[in-house]
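In what follows, a structure is listed as structure tokens, so that the remarks can point back to it.
The values are calculated or read from the model by the stated rules, or taken from the named source; none is laboratory data. Remember, predicted model here, so these are calculated numbers, not experimental data. Here Cβ is always computed from backbone atoms with ideal geometry, including for glycine, and neighbour counts include all displayed protein chains. The area values use the complete protein model at the heavy-atom level, side chains included, leaving out ligands, DNA and RNA. Shrake-Rupley method; radii C 1.70, N 1.55, O 1.52, S 1.80 Å.
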Amino acid sequence: MLRSEIVNIISGMNSHERVVALYNSLDPLPRGYKLQPKDPWCAATVSAVFLKAGVTSFAECSCSVMKKKLKDLGFFRSKDYEPRIGDIIFYDWDKDDVPDHVGIIINKSGDSLLVREGNKNNRIGERIIKTYYEKISGYGVPDYEEDHMKTIKKDDKGKAVAIWQLIVDAYPDGEFRDETEKATKIFQENEGLEADGVVGPLSWYAGLKSVNK
């Protein structure tokens, strides 16, 4: 599962009725509860998105129960975490340590986050907030594929290098030499990244996203 996959799914999701239907297709239903059309449905929207990606381990229609499930799985981060595209964001309007609302980050620019959410003014909508917004309760960070890719650079060898070479159209011999470094810098420059030839999390994210298009 890629971060870009989750962003694409929620970006294309516009129907409350579809969210309810997807959530209620879970078998078994979380806590055995069938979501009703008049129920709050922000957490159900997040659940429906991840269900379409094949992930049901933290599916819930309750923000607080979803947060607990993410914590139990080791997928929850405090509000001090540096969020990324694809992360789940929880809000605590009353600042009583109980989450009241949840969405998914679909874009980030500097310290501004673009979040897409279900049950925002009775529809699926978006909001822009700052990363230091005081009513952020924390973040869900599921097990994304690109987060496991190690940083690679010139003179490194191995499977990760060969995968990266395929992404940037370099000969996939598994050895990070001059040709691969040159292709990497061109790719980074085209993606608006620092063209340093070092393949870290941001380069892996952009690379895997380009493959997933």
Exercise. Once you wrap a convex hull around the alpha carbon atoms of the chain, what is its projected area averaged over all directions, in nm²?
Worked result: 12.4 nm²
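Can you figure out the FRET efficiency of Glu189 with Asp27, using R₀ = 41 Å and their beta-carbon distance, to the nearest 0.05?
Details: r = 48 Å, r/R0 = 1.16.
The computed FRET efficiency comes out at 0.30.
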Problem set entry | Counted charge near Thr131, where neighbours are those whose Cβ lies closer than 14 Å (Asp, Glu -1; Lys, Arg +1) | +2
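Could you work out how much longer the chain between Lys71 and Thr151 gets when fully extended? Use 0.36 nm per residue separation minus the Cα distance between them, nm to one decimal. Show your work: numbers first, answer last.
Numbers: separation 80, 0.36 × 80 = 28.80 nm, distance 2.66 nm.
Additional length available on full extension: 26.1 nm.
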For this session: Using DSSP to define loop residues, name the chymotrypsin sites (Phe, Trp or Tyr not before Pro) in the stretch 107-213 whose beta-carbon has at most 10 other beta-carbon atoms within 10 Å.
Result: Tyr132
For this session: Quickly estimate the mean residue ellipticity at 222 nm for the chain, helices only: each DSSP H run with n ≥ 4 gives -39500 (n - 2.57), and the total goes over all residues, rounded to 500.
Result: -10000 deg cm²/dmol
Exercise. Ignoring ligands, DNA and RNA, what percent of the 1.4 Å accessible area of the stretch 101-213 is carbon and sulfur?
Worked result: 46 percent
Exercise. Under a point spin-label approximation (7 Å from Cα along Cα-to-Cβ), what is the Lys135-Ser78 distance to one decimal in nm?
Worked result: 2.3 nm
Exercise. Going by a ≥ b ≥ c, the root eigenvalues of the Cα gyration tensor, does the stretch 1-82 fall in the rounded group (a/c under 1.5), the prolate group (a/b larger than b/c) or the oblate group?
Worked result: oblate
Exercise. Using the heavy atoms of the protein chains alone and a 1.4 angstrom probe, what is the accessible area of the chain per residue in square angstrom?
Worked result: 51 Å²
